[in-house]
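Note sheet for the following structure.
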């Protein structure tokens, strides 16, 4: 008997998932636990394993988003036909407006899977390319937003690929025109030459993009809600989709729903530096951020009002301390969690942060790594930044920014100057959850934990 294969709910906060790629063929015989597809949630990309066995009938489409529980496939017995499709999740009907009916919809602007010379490819596609010796730059991506998926890599090996958008074609065009078209993802053969020269020029490409944007972006005079058109013709446009779109949405929601304030406190780091020097030669040498995470975890246990979230019922104090660590990636930011950080030693925290950072940059973080942070730490000190105003990562009520380690001066009791090493901690908090004085006391606790004479364990 046919068994439904629904979009799984992989975490408490997951509501829907976007299919990036199916890693097995439609109609293939599969077993329980076999990886069938790769899905993107609002937090992470992850592999989905089979929940059943039999002949796989794929229903979910690559690039489409499905609510948790929606059918994306079926497991069929030999000779069995799939049931009538009922997979498409119900979406809210569009709001009725008094605007005139739209004319024929223009073709969307296709964006190349490159930004600043970087290729967008799924982690599985990168693994397949490395195994087969395929240059990803030569592969045409067919996944969401032009992303290269593993099937694209395999096709590149078995047969020649059609020319990717923005690559050289048979059309007559100047070098500058081809370069610009490649950067913004325009097939130069679709651009009309405007001058006496039969070649497409850079100005022709810009005019082509300007025309497409004018067709695609509705007038603000019609809806009154659209974003304003660019004041200049853009060189390229990066869509607010995927991870970039999720970050944009979450940060906007954070600032629009919270009463956020920031305070800063300087910390003397001489004791931390001395402790770190004494650990040279050990198997694990903690970084400065690891000391901060340890100090934060201890302070959260001492000030439970910060380890909280705002709910409809009020401010909920959370029993477990899970410190999120912001990791910058080429296409966005992820915040995996150091779980039960208050119960870990300094060396255990350092090992955990190294594992999480490596997994984030390799695209192998699990949803378990991403779920459940109760407080976040983010660092910009490596870029020479002293203090800044980090934005709270919902549903947390606070976040700590870590600045650069710098030389500074303290004054001894006799008035003589003493060279010290300092960094600035920037604490942003939700004023709905607690006030400025409790926030300052929490920051002072972190400072005391880092400057304490007690050994770091």
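Things worth noting here:
- When segment 246-303 is filtered for residues that are surrounded by 20 or more Cβ atoms within 10 Å (Cβ to Cβ), in a loop (DSSP other than H, G, I, E, B) and under 28 Å from the mean Cα position of the chain (by Cα), the ones remaining, listed by number, are 258, 286.
- Residues of segment 49-72 satisfying the condition of being at negative phi and part of a strand (DSSP E or B): 49, 55, 56, 57, 58, 65, 66, 67, 71, 72
- Tally of residues being surrounded by fewer than 19 Cβ atoms within 10 Å (Cβ to Cβ) and closer than 23 Å to residue 31 by Cα across segment 59-70: 4
- Some residue of segment 438-451 being touching a residue at least 60 places away in the same chain (Cβ under 8 Å), part of a strand (DSSP E or B) and on the phi < 0 side of the Ramachandran plot: no
For every residue, the table says whether it meets (1) surrounded by fewer than 17 Cβ atoms within 10 Å (Cβ to Cβ); (2) in contact with a helix residue (DSSP H, G or I) (Cβ under 9 Å, 6 or more places away or on another chain); (3) modelled with pLDDT under 95.
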{"site": "411", "(1), (2), (3)": "yes, no, yes"}
{"site": "414", "(1), (2), (3)": "yes, no, yes"}
{"site": "417", "(1), (2), (3)": "yes, no, yes"}
{"site": "431", "(1), (2), (3)": "yes, yes, yes"}
{"site": "452", "(1), (2), (3)": "yes, yes, yes"}
{"site": "456", "(1), (2), (3)": "no, yes, yes"}
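- Qualifying position, being touching a helix residue (DSSP H, G or I) at 6+ places or on another chain (Cβ under 9 Å) and closer than 30 Å to residue 63 by Cβ, among 267, 327: 327
- Qualifying positions in segment 357-380 - touching a strand residue (DSSP E or B) at 6+ places or on another chain (Cβ under 6 Å) and free of Cβ contacts under 8 Å to residues at least 60 places away in the same chain: 357, 360, 373, 376, 378
- Qualifying strands (runs of 3 or more DSSP E) (wholly inside segment 306-395; at least 3 residues being on the phi < 0 side of the Ramachandran plot): 308-310, 315-317, 323-325, 327-329, 375-379
The values are calculated or read from the model by the stated rules, or taken from the named source; none is laboratory data. Just so you know, these numbers come straight off a predicted model, no measurement behind them. Please note: Cβ atoms are built from the backbone with ideal geometry, for glycine as well, and neighbour counts cover all protein chains shown.
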